[in-house]
Amino acid sequence: MAYDNQNIFAKIIRGEIPCHKIYEDDKTLSFMDIMPMATGHALVIPKCEAVELSDMPADYLQAVFSTAQKVMQAQRQVLNTEGIVQMQLNNAQAGQSVFHYHVHLIPTHVHEIGKHEDKTANHEELAKLAEQIRQVIV
Ligand code: AMP
């Protein structure tokens, strides 16, 4: 699938629409999922044009997973759970709905998660969680 630079995550990277940011460096960005599958659900995305795993350059893959490690450690501290589901969907047939590569990090207990919510979460709550997680990132 060709990369469309008008997708929502490309707009977030360019600062055209807001997000509840957790972490950013030169190759990656992490922010709260706006329709979370569980409290503290975060996303990590690369700052490169990639729809899915097969499009990802090795250096950006390494950067995404390095950021994911930082974020999950911070989620554990803030959400008080050891369980973090790491999920990443490739292609619409697999359920992918935003066509910019992204890794989900979902704090949870076994069998707790289902499909993501169909409505936006409370923004004050998302902002508070993003701030708490941001504060403990090392
Ligand atoms: P996927 O189904 O793997 O493509 O996941 C897309 C995710 O992006 C879903 O969990 C959505 O809740 C999330 N999402 C969609 N729009 C936004 C947005 N503007 N900010 C943050 N998360 C979003």
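Computed from the coordinates by the stated procedures, all read-outs in this text should not be read as laboratory data. The structure presented is a predicted model; accordingly, all values stated were derived computationally and were not measured. Every residue, glycine as well, gets a Cβ built from its backbone with ideal geometry; the counts of neighbours run over all protein chains shown.
Summary: within the chain, the longest segment free of trypsin sites (Lys or Arg not before Pro) located in DSSP loops with at most 14 other C-beta atoms within 10 Å is 15-114.
For the chain, the relative contact order comes to 32 percent (Cα pairs under 8 Å, sequence separation of at least 6). Less than 5 angstrom separates the built amide H of Y101 from those of A50, V51, E52, all sequence-distant by 5 or more or on a different chain. Can you compute the FRET efficiency between Q135 and L89 using 1/(1 + (r/R0)^6), with r the Cβ-Cβ distance and R0 = 30 Å? Round to the nearest 0.05. Plugging the Cβ-Cβ distance into 1/(1 + (r/R0)^6) gives 0.50. Our summary gives region 1-64 a relative contact order of 27 percent, counting only alpha carbon pairs under 8 angstrom and 6 or more residues apart. L53 to E82: FRET efficiency via 1/(1 + (r/R0)^6), r the Cβ-Cβ distance, R0 30 Å, to the nearest 0.05? Plugging the Cβ-Cβ distance into 1/(1 + (r/R0)^6) gives 0.70. Give me the log10 of I(q) over I(0) for region 27-98 at q = 0.11, 0.16, 0.24 Å⁻¹, as the Debye formula computes it from C-alpha points; what are the numbers? For region 27-98 at q = 0.11, 0.16, 0.24 Å⁻¹, log10 I(q)/I(0) is -0.29, -0.61, -1.23. Modelled this way, with points 7 Å down the Cα-to-C-beta line, the labels at V98 and N5 are 1.9 nm from one another. From the Cα gyration tensor of the chain, with a ≥ b ≥ c the square roots of its eigenvalues, which class applies: rounded if a/c is under 1.5, or else prolate if a/b is larger than b/c, or else oblate? Because its axes are fairly even, with a/c under 1.5, the chain counts as rounded.
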